[in-house]
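S.K.: Pasting a structure below so you can have a look.
Please treat every number below as a calculation from the coordinates, not as lab data. The structure displayed is predicted, hence computed values, not measured ones. All Cβ positions, glycine included, derive from the backbone under ideal geometry; neighbour counts span all protein chains shown.
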Amino acid sequence: MRKIDLDTMDRRILDTVQADGRISNADLADRVGLSPSACHRRLRRLEEEGVVEGYVALLNGGVLGRGMSVFVSITLDRQQEQDLAAFEAKVRECPEVMECYLMAGDSDYLLRVLVQDGADYERLHTQMLTRLPGVARVRSSFTLRTVAKRTAIPTD
């Protein structure tokens, strides 16, 4: 993946839209000190170059009944390309899996799943995680509380 060169104005725009993805172009332009047309052109370029991947609403999992994050380390029987592909295809189908990373180290994958409680995780563990293709071992770590959670990526 190539790195994009960003100037100070690009960084201001990115910092602002990361903090408020619903900001109007006029307000964004005013906040960063550009004309609306120049601001729109810059933001469109950042979107086209893939710096801005999209816009989302961040939801509160606790309010929606999915307030428990569980980090799950998964080790596969084998690490052949077809085994990895089969596992990854199935894990993408599971809505409780918020993130999945291929890892180097003790386990092959690290997942972050959102569940209601311990009983809900037990259901997910027995009905989905242990049935994923090639799974040899599942290790789970339950969060006690969130200390820091960021969505904004530093632009400097």
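S.K.: With axes computed from alpha carbons, what is the tilt in degrees of helix 36-48 against the longest principal axis of the chain, rounded to the nearest 10 within 0 to 90?
M.R.: Value to nearest ten degrees: 30.
S.K.: If you don't mind, there's one more thing I want to ask. At a 10 Å Cβ-Cβ cut-off, how would you order I13, I153, fewest neighbours first?
M.R.: The order, fewest Cβ neighbours first, is I153, I13.
S.K.: Enter the angle in degrees (range 0 to 90, nearest 10) between the Cα long axis of helix 81-92 and the first principal axis of the Cα atoms of the chain, meaning the one along which they spread out most.
M.R.: 70
S.K.: Need one number: the % of Cα-Cα pairs in region 62-155 sitting beyond the 15 Å mark.
M.R.: Of all Cα-Cα distances in region 62-155, 61 percent exceed 15 Å.
S.K.: Between the helical axis of 8-19 and the dominant principal axis of the chain, each derived from Cα atoms, what acute angle in degrees is found, rounded to the nearest 10?
M.R.: 50
S.K.: Can I ask one more? May I ask for the distance between the Cα centers of region 117-156 and region 25-71, given as a whole number of Å?
M.R.: Between the Cα centres of region 117-156 and region 25-71 lies a distance of 26 Å.
S.K.: Please sort 109-119, 45-55 by packing, taking for each peptide the average over its residues of neighbouring beta carbons within 10 angstrom, highest first.
M.R.: Ranking, from highest mean packing down: 109-119, 45-55.
S.K.: In debye to the nearest 20, how big a dipole does the chain give about its Cα centre with +1 on each Lys and Arg Cβ and -1 on each Asp and Glu Cβ?
M.R.: Around 220 debye, computed over the chain.
S.K.: Right, next: Between V51 and A26, how high is the FRET efficiency from 1/(1 + (r/R0)^6) when r is the Cβ-Cβ distance and R₀ = 22 Å? Nearest 0.05.
M.R.: About 0.55, to the nearest 0.05.
S.K.: Percent of Cα-Cα pairs per 5 Å bin, from 0 to the last occupied bin, for region 8-48, please list those.
M.R.: 5, 28, 42, 23, 1
S.K.: So, one more: Testing the spin-label approximation: label points 7 Å from Cα along Cα→Cβ at V147 and M103. State their distance in nm.
M.R.: Simple spin-label model gives 1.8 nm for this pair.
S.K.: For region 19-96, what class follows from the C-alpha gyration tensor (a ≥ b ≥ c being the square roots of its eigenvalues): rounded when a/c is under 1.5, otherwise prolate if a/b is larger than b/c, else oblate?
M.R.: oblate
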